[in-house]
Amino acid sequence: MRRPTATRLGATQVALVAVLLAALVGALVGGLVGASRAVSSTATTLLALQPDSSVSSDADASLDPSVDVSDAFLQTELVYLNSDRFVSSVEDTVGDDVDVEATRVNQSNVVQVSATADSPEVALAASEAAASSYVDQRTQAASDRLDTQAAAVQDQLDIVLQQIASATDGAVLPPDSSQSTALQGRYENLLTLSSSIALARQASDQGATVLQPAVLAEPDGVSPTALGVVLGALLGALVGAGGALVWRQRSTTLRGESDLVGVERVLAPRAPATGADLLLPAGAGATSALARAAQRQSAQLLAGRDDAPVVVAFVGATEGAGTSVVAVHHAAAMARRAPVLLVCAGDAAPDAGPAPAGRLPGVDRHARGLLDLGVAGREPLTAQDVMAVVQASEVDGLLVVTAGTRPGRVGDLEHLVGRGLVAALRGTGHDVVVDAPSLDRSGAGPRLADAADVTALVVGVGASSRDDVQVGVRALTRDGVAPAVLLDEPITGRRHRSPGRPAPAAAEPAGGARPAPRADRGGAGGLRGDLGLAPGDAEVSEGSAGPQDRGQDPRHERTGSGGRR
């Protein structure tokens, strides 16, 4: 019975879960922060203000009916209501710190008194205390003023009564009717004034009246807790999305040999990053770590082959994998046993930068090259066409074909491959190393690899992903044989770095003759001897084919690298 297998979450599902979890945590934290903030409450009371009723002190006048509410009166009252003295009296009443603000409602005689405190209870109490305190003060002030005026009028009434009694008595002076009439009239006016004051005294509490008792004002906007939840969720989602992107990049980006588990043939060791010593001339010795790694990798890549010329294609899984640098060092390593023709096909792709081979001593990257072979022609290319654009570098045994003088266009390299470029290169009689364009740049890479004898897929640490490796292996696999995989540590900007010019090697033969193919092709053993490698260095990783598995005629067989003779 087949055991059920656990379903693994894909990268998209993991990213979604990360975003949701981060949003949930952010909302929780935001809600807690919002709830911890002190929230103030505001209560408001509406008061109707008008000047107090005034009574003239003149006994011949009566109650002044004018109740005109002037702006000066309201501004005076607002100044008092907003004064520190009034606010302090309210705070003393409620026993807590409050903010009191009085404002006029539009152009009316209504004033809104607002009290703000840390709790709704204190705000309501402060608003009620402010209203009642102001009303009581206005009523008490009006009552005291009218009581004083009433007492003065009463004194005048007493005096007038005495004068009337004296005028009508005749004990001192004879009675005077005209004086008695005048005093009687004054007495009546004083009585009227006293009545007016009494009426005003009864209306002394009308100067300030409460139109609306204290009520809590609705908070403006969203509550801090809800706002914290929303902002926390958004921020958490953004952080989660960023973390998911970083995780996806780090989890899928190639970091080392452990990420190549399951790949059939991986060349060892990893090609390390180096400085400006891209290539050393023959005779100086391959002393850099990258040159030594290239020698060991070449021994594994060509293990079991005879001395027949071989075409090796290096194809990058992605742009920036370091394919050009790897191709240059492998060509230099192979040139120690026989002349090698290095073809900078990757530079023929559109918008490609100059390859390191164009900076080798003795190589002019502005000279005629691949793109000058006639990309519009249809006749097959010949070895003579290729040799016409070959340059001899100052590195012993290394010939170079640059991209040429024409700018590369889409389809140019594929057209040259269709005209038999690889067959023409093989016809030169030299070993050929093709620096092919990466799989994501041009479709010519797989076609070059298909026509080559040996193919190596170059993957860059930090530049390629595990998916790129799988795609590249599938694209370059032919007849069930996968390509060799070469792990490289690319240097950013290496294609634009100019190495120091070493001392020139031995001069070329007179007449500019090309180096002839060497006769000492000793197969895999000879290659190991030339490179100074131990026999074990030529071994390949697990899953590769050995020499005994290749058939009787290596010229017409497919090698373990996936190329075709």
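Miscellaneous remarks
- Residues that are touching a strand residue (DSSP E or B) at 6+ places or on another chain (Cβ under 7 Å), among the aliphatic types (A, V, I, L, M) and farther than 11 Å from Val434 by Cβ within segment 311-327 comprise Ala317, Ala321, Val326, listed in sequence order.
- Filtering segment 1-31 to residues that are within 29 Å of the chain's Cα centre (by Cα), modelled with pLDDT under 75 and open to solvent by 90 Å² or more (accessible area, probe 1.4 Å) leaves Arg8, Leu9, Thr12, Gln13.
- Matching entry among Gly445, Gly408 (being assigned to a helix (DSSP H, G or I), in contact with a Pro (Cβ under 9 Å, 6 or more places away or on another chain), at pLDDT below 90 and buried (at least 21 other Cβ atoms within 10 Å of the Cβ)): Gly445
- Which numbered condition Ala463 fails, given (1) more than 35 Å from the chain's Cα centre (by Cα); (2) farther than 13 Å from Val326 by Cα: (1)
- Among the candidates Val417, Val395, residue that is in a helix (DSSP H, G or I) and of a type in the set (A, V, I, L, M): Val417
- The residue of segment 255-306 that is farthest from Thr477 (Cα to Cα), among those that are more than 44 Å from the chain's Cα centre (by Cα), part of a loop (DSSP other than H, G, I, E, B) and modelled with pLDDT of 75 or more, is Asp306.
- Restricting segment 194-214 to residues that are crowded, with 16+ Cβ neighbours inside 10 Å and out of contact with any helix residue (DSSP H, G or I) (no Cβ under 8 Å at 6 or more places or on another chain), the residue that is modelled with the lowest pLDDT is Gln206.
- Answer from Gln140, Gln163, Gln156, Gln149 - the residue that is in a helix (DSSP H, G or I), more than 29 Å from Glu91 (Cα to Cα) and open to solvent by 70 Å² or more (accessible area, probe 1.4 Å): Gln163
- Pair list, Cβ under 6 Å, 6 or more apart: segment 453-478 residue more than 15 Å from Ala436 (Cβ to Cβ), other residue assigned to a helix (DSSP H, G or I) and not basic (Lys, Arg): Ser465/Thr252; Arg466/Thr252; Arg466/Asp259
- Any hit, segment 48-56, residues being among the hydrophobic types (A, V, I, L, M, F, W, C) and either modelled with pLDDT of 85 or more or open to solvent by 40 Å² or more (accessible area, probe 1.4 Å) (or both): yes
- Counting only residues that are part of a loop (DSSP other than H, G, I, E, B) and either buried (at least 19 other Cβ atoms within 10 Å of the Cβ) or aromatic (Phe, Trp, Tyr) (or both), segment 427-440 holds 6 of them.
- Hey, Ala357 assigned to a helix (DSSP H, G or I) and touching a Cys at 6+ places or on another chain (Cβ under 7 Å) or not: yes
- Selection status of Asp220, within 53 Å of the chain's Cα centre (by Cα), among the acidic types (Asp, Glu) and either closer than 30 Å to Ala152 by Cβ or at pLDDT below 80 (or both): yes
- Meets criteria (open to solvent by 10 Å² or more (accessible area, probe 1.4 Å), of a type outside the set (Lys, Arg) and closer than 26 Å to Leu290 by Cβ) for Val485: no
- Some residue of segment 381-400 being in contact (Cβ under 8 Å) with a residue 60 or more places away in the chain, crowded, with 16+ Cβ neighbours inside 10 Å and more than 20 Å from Ala335 (Cα to Cα): no
- Identity of the residue in segment 95-115, farther than 24 Å from Asp71 by Cβ and open to solvent by 40 Å² or more (accessible area, probe 1.4 Å), that ends up modelled with the highest pLDDT: Asp99
- Scope segment 108-133; condition out of contact with any strand residue (DSSP E or B) (no Cβ under 7 Å at 6 or more places or on another chain) and closer than 10 Å to Thr42 by Cβ; matching residues: none
- For segment 307-325, the candidate set comprises residues that are in a loop (DSSP other than H, G, I, E, B) and more than 32 Å from the chain's Cα centre (by Cα); within that set, the residue that is surrounded by the most Cβ atoms within 10 Å (Cβ to Cβ) is Val310.
- Whichever residue in segment 461-482 is over 20 Å from Leu448 (Cα atoms) and out of contact with any Lys or Arg (no Cβ under 7 Å at 6 or more places or on another chain) and, among such residues, is least open to solvent (accessible area, probe 1.4 Å): Ser464
The values are calculated or read from the model by the stated rules, or taken from the named source; none is laboratory data. Small disclaimer: the values here were computed from a predicted structure and weren't measured. A quick note on method: Cβ atoms are made from the backbone with ideal geometry, for glycine too, and the neighbour counts reach across all protein chains shown. Accessible surface areas use protein heavy atoms only, side chains included; no ligands, DNA or RNA. Shrake-Rupley method; radii C 1.70, N 1.55, O 1.52, S 1.80 Å.
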